[in-house]
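In what follows, a single structure is set out as structure tokens and then discussed.
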Amino acid sequence: MYASNRQLLSHSQLWRKMTALLLTFLLLLTGTCIGVSADDDQTLLTVNGKTITRDMTVAQVISLFGAPRLTTDSIFGGQAYTFYSDGYQNYIYLETNENGEIASYGTISEGFSSPNFSYGDPEDFIVHSGEFAYDQDDRLYGYIGYCADRFTMNEQIWDANAVHYNQAIWQHAVLMWNAISELYGYHTPLTFNEHAFYAQAQLIENGSNLYDYCNAISSSDFSLVARGSNAFVGYWYPNPLRLASYARRYRAPEGYYPIFSFDQYDITTIGFLNPSFFDQGQPVAYTQREQQLLAAAREEYYNSVSIWNSATDYFVTEPQYNTLPLTAGEIRPEKIAGAIGYLNAIRVGAGLPKLTESPELTEGAQCKAALTMYLSKNNISNPSPHNPPHIDGISDEFYALCQNGSGENLFHGNVLTSITNALEDSYGTGQYISRGHRYNLLDPHWKYIGLGSSVPTLSIGTQGVHKFSGYQSCDEELVAWPSKGIMLAEAGLTNMFTACFYKNYTITDQTTVEMTCLNTGESWIFDEEKSTADYTFQRGGNMVSFYDSSVSFRIGNVYQITLKNVQTTDGQLTDYTYRSVYETGYVGSADSVTVTLNHQNLQMVPGMTSKLSATVSPADAPNKMVWWSSSDPSVVSVTENGTLTAHKKGSVVITAQTDSGISAQATITVSDGIRGDINGDGFINNKDFSRLKAYLADDTVVIARENAELTGDSNISNKDLSRLKAYLADDTVTFG
């Protein structure tokens, strides 16, 4: 597929460890809590006249602030606690070490004070230990510090138990997010969602995350707030304030699940997940016409990618627009053809005729890009970019080329990205409600197109130009976005949907819109004329524009849109209904993807938990989602990340399946005792082999005898030891 502009943030592991060691060494030399002065090395925090000191026990804190609202394990060896009273007042966060001593402490409370940092302090832009949260005026409203001599954070322990500790931090971060939102005058009651957490955990296990997964399947279910480096060094450790501090600037869409996590690649992910993500819905059959459009769009898209990638260089000759005389330059024909093919794939999917390149229009578009950039670089007034000034030094011939064609778009980006940006028409509001750039590209009657741009990469100041001319007939009554017919996910889907009639119908002041996902049954009504960040409905000319932030798009879903009370040519009011199929132009080979499990057979006893891990290969597969299911959840249930819980005796098949239908299975047997569990700890491992070997040498060694007979001959002998050894090497081996 076309190269992505998105890059993953990361940082040097070596730098992280060196910095951590250096700072931890310096902190240990002081032997005090960070944020506690030498003059008062006992006081940690004072909140509403109640003081927490360094030597306090958790029981003493409880006597001041009441019982904790949440208690979890802490990476520092003890427990993590969140305290608050009604309305998230007196909000306190504490962690203890293995000795029960306070190792980490923090607050989100108006008026708090501490020896070095207090509520309302101005930001000093100095790197301090801990997490600090500042408001829009750069004033401190919360922080979490550490007692350096009271904890160690073993990264191996973190990595080995990342799911366990991530869940704890996630739960505390949800409460802290709510406290911050309450502090700033609005109420966002986020709740921890176990399904969302385990889905994120499963993807992280495979080197991905929900944000990447939703991008891979072109789903709009994930609303990203931030991604960035964790920087787990001596002054930053995984703690909830790093995640929750964004609450001051971001409000979660109503009902969405929070996504907060630190993954093994040192990336913090913060965002929100549409609850409909877990509602896969029912498959909806495509009509014969939709199948034809999809096949044609995919063929066009595949060819466009091949053509685009066949040329490595972008320019034949680069433009020169710093000084006069200007040189327009020439873009490689493969790049022009690939970009036009990309646009034609979108048009074909919508049932519109393809555009043909006009070399004259392409030459003119390239001249217009160079002239526009020259005017910008030299601060020459250009109030009407479609009709730039004809300045001295620009020949009549060059200027005439700039102005050729009957229609024109100027949009940021190279010849490919400028098309996507113009389809989104994302720069500006108000006068852009009609999405004129989009409808230039999707006008069913244009015949020829020319493309140009100033530089090959999308950056500030990049100028792309699209020119159109000619006429071709088309019987389509309506052009829409999402497209009537096939909406290709590769085209992107911005926060403004539109529908425009070209014949037979007109929009009236009574027109409303109803949109339904046929797979899930969700519906959205657009009838109130207004435009906000979460909802838009406007009528203008022969077009309606509409948007709802809760609309979720997923590959394979079919959306039915009804324009109510539109007028026919004979003046009658009627409803006009069309379907939009959200599909992908790129189809990877399912044969190249495999999924394997770490176990094919497991034995459990009621009440026991265990873990299946699914590995999706190849490692660079963009879609790493695995959906887990149990043939009988009443016997063994399974979470979204393969965590098993045995409930009663029986046997089940656990299936892990990818979106492409590739699956792997494991058989789980639940019994009163686990054959092969010689020492009775609920697991089968090398400890059992050693115990059975010791028993065979000395039968006074205590074993779970009922689990030690593995060959079916009613004797415990070296045959059983050999069978156990074979099982430990290959768990497909069965016991007699």
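Go through region 132-168 and give me each residue that's free of Cβ contacts under 8 Å to residues at least 24 places away in the same chain, within 28 Å of Tyr88 (Cα to Cα) and aliphatic (A, V, I, L, M).
Result: Leu140, single match.
For region 534-549, does any single residue satisfy the condition of being part of a strand (DSSP E or B), aromatic (Phe, Trp, Tyr), in contact with an Asp or Glu (Cβ under 8 Å, 6 or more places away or on another chain) and surrounded by 14 or more Cβ atoms within 10 Å (Cβ to Cβ)?
Yes, because at least one residue in region 534-549 is part of a strand (DSSP E or B), aromatic (Phe, Trp, Tyr), in contact with an Asp or Glu (Cβ under 8 Å, 6 or more places away or on another chain) and surrounded by 14 or more Cβ atoms within 10 Å (Cβ to Cβ).
Tell me, which strands (runs of 3 or more DSSP E) wholly within region 443-495 include 2 or more residues that are modelled with pLDDT under 95?
Correct list: empty, since no element meets the threshold.
Can you tell which of Pro258, Pro325, Pro253 is open to solvent by less than 50 Å² (accessible area, probe 1.4 Å), part of a loop (DSSP other than H, G, I, E, B) and of a type outside the set (A, V, I, L, M)? Explain how you work it out, then say what you get.
Details: Pro258 fails: part of a loop (DSSP other than H, G, I, E, B); Pro325 fails: open to solvent by less than 50 Å² (accessible area, probe 1.4 Å).
None of the other options fit; the residue is Pro253.
Out of Ile668, Ile703, which single residue is crowded, with 19+ Cβ neighbours inside 10 Å, touching a residue at least 24 places away in the same chain (Cβ under 8 Å), assigned to a loop (DSSP other than H, G, I, E, B) and hydrophobic (A, V, I, L, M, F, W, C)?
After ruling out the rest, the residue left standing is Ile703.
Quick check on my filter: what residues within region 640-681 are within 17 Å of Phe735 (Cα to Cα) and of a type in the set (D, E, K, R)?
Asp672, Arg675, Asp677
Could you go through region 349-356 and let me know if any residue there is among the polar types (S, T, N, Q) and either in contact (Cβ under 8 Å) with a residue 40 or more places away in the chain or in contact with a helix residue (DSSP H, G or I) (Cβ under 7 Å, 6 or more places away or on another chain) (or both).
Yes, the conditions are met somewhere in region 349-356.
Looking at Ser722, Ser714, which one is free of Cβ contacts under 8 Å to residues at least 40 places away in the same chain and open to solvent by 90 Å² or more (accessible area, probe 1.4 Å)? Steps first, answer last, please.
On the way: Ser722 fails: open to solvent by 90 Å² or more (accessible area, probe 1.4 Å).
Result of the check over Ser722, Ser714: Ser714.
Go through (1) open to solvent by 70 Å² or more (accessible area, probe 1.4 Å); (2) in a helix (DSSP H, G or I); (3) in contact (Cβ under 8 Å) with a residue 24 or more places away in the chain for Val305 and report which single condition fails.
Only one criterion in (1) open to solvent by 70 Å² or more (accessible area, probe 1.4 Å); (2) in a helix (DSSP H, G or I); (3) in contact (Cβ under 8 Å) with a residue 24 or more places away in the chain is unmet by Val305, namely (1).
Suppose the filter is open to solvent by less than 70 Å² (accessible area, probe 1.4 Å), more than 18 Å from Phe411 (Cα to Cα) and in contact with a Leu (Cβ under 7 Å, 6 or more places away or on another chain); does Gly364 pass it?
Answer is no for this residue.
Would a scan of region 181-190 turn up a residue that is under 13 Å from the mean Cα position of the chain (by Cα) and aromatic (Phe, Trp, Tyr)?
No, region 181-190 contains no residue that is under 13 Å from the mean Cα position of the chain (by Cα) and aromatic (Phe, Trp, Tyr).
Restricting attention to region 639-664, and to residues there that are surrounded by fewer than 16 Cβ atoms within 10 Å (Cβ to Cβ) and of a type in the set (S, T, N, Q), which single residue is nearest to Phe277 (Cα to Cα)? Give the steps one after another, and end with the answer.
Quick first cut of region 639-664, residues surrounded by fewer than 16 Cβ atoms within 10 Å (Cβ to Cβ) only: 648-649, 651, 653, 661, 663.
Right, trim to of a type in the set (S, T, N, Q) and you get 651, 663.
Values: Ser651: 30, Ser663: 20 Å.
Checked region 639-664; the qualifying residue nearest to Phe277 (Cα to Cα) is Ser663.
If only one of Asn623, Asn685 is touching a residue at least 12 places away in the same chain (Cβ under 8 Å) and over 29 Å from Leu210 (Cβ atoms), which one is it?
Of the residues listed, the single one that is touching a residue at least 12 places away in the same chain (Cβ under 8 Å) and over 29 Å from Leu210 (Cβ atoms) is Asn685.
So, in region 687-704, exactly how many residues are touching a Phe, Trp or Tyr at 6+ places or on another chain (Cβ under 9 Å) and within 14 Å of Arg675 (Cα to Cα)?
1
Confirm whether Ser552 is within 28 Å of Thr417 (Cβ to Cβ) and not in a strand (DSSP E or B).
yes
Go through region 497-533 and give me each residue that's of a type in the set (S, T, N, Q), open to solvent by 60 Å² or more (accessible area, probe 1.4 Å) and assigned to a loop (DSSP other than H, G, I, E, B).
Scanning region 497-533 gives Asn504, Gln510, Thr532.
Could you tell me which residue of region 88-121 is farthest from Ala59 (Cα to Cα), considering only residues that are in contact with an Asp or Glu (Cβ under 6 Å, 6 or more places away or on another chain) and not hydroxyl-bearing (Ser, Thr, Tyr)?
Once the filter is applied, the top-ranked residue is Pro115.
Only one of (1) at pLDDT 90 or above; (2) farther than 25 Å from Gly77 by Cα fails for Ala103. Which number is that?
(2)
Every residue in region 44-60 that is of a type outside the set (Ser, Thr, Tyr) and surrounded by fewer than 21 Cβ atoms within 10 Å (Cβ to Cβ), please. First the steps, then the outcome.
Kept after step one, since they are of a type outside the set (Ser, Thr, Tyr), are these residues of region 44-60: 44-45, 47-50, 52, 54-56, 58-60.
Residues satisfying the conditions are Asn48, Gly49, Lys50, Arg54, Asp55, Met56, Val58, Ala59, Gln60.
Name the residues in region 142-184 that are assigned to a loop (DSSP other than H, G, I, E, B), among the aromatic types (Phe, Trp, Tyr) and surrounded by fewer than 21 Cβ atoms within 10 Å (Cβ to Cβ), would you?
Tyr184, the sole residue that qualifies.
When both residues are 6+ apart or on different chains and their Cβ atoms are under 7 Å apart, which pairs have a first residue that lies in region 376-398 and is at positive phi and surrounded by 10 or more Cβ atoms within 10 Å (Cβ to Cβ), and a second that is assigned to a loop (DSSP other than H, G, I, E, B) and of a type in the set (S, T, N, Q)?
Nothing qualifies.
Which residues, taken from region 67-97, are outside any strand (DSSP E or B) and open to solvent by 30 Å² or more (accessible area, probe 1.4 Å)?
Scanning region 67-97 gives Ala67, Pro68, Arg69, Asp86, Gly87, Tyr88.
Across region 628-638, which residue is nearest to the chain's Cα centre (by Cα) among those that are β-branched (Val, Ile, Thr) and open to solvent by less than 30 Å² (accessible area, probe 1.4 Å)?
The qualifying residue nearest to the chain's Cα centre (by Cα) is Val636.
Looking at region 593-601, can you tell me whether even one residue there is among the polar types (S, T, N, Q), within 30 Å of Ser671 (Cα to Cα) and part of a strand (DSSP E or B)?
yes
The values are calculated or read from the model by the stated rules, or taken from the named source; none is laboratory data. Values in this document were obtained by computation on a predicted structure and should not be read as measured data. In this analysis, Cβ positions are derived from the backbone assuming ideal geometry, glycine residues included, and neighbour counts consider all displayed protein chains. The area values use the complete protein model at the heavy-atom level, side chains included, leaving out ligands, DNA and RNA. Shrake-Rupley method; radii C 1.70, N 1.55, O 1.52, S 1.80 Å.
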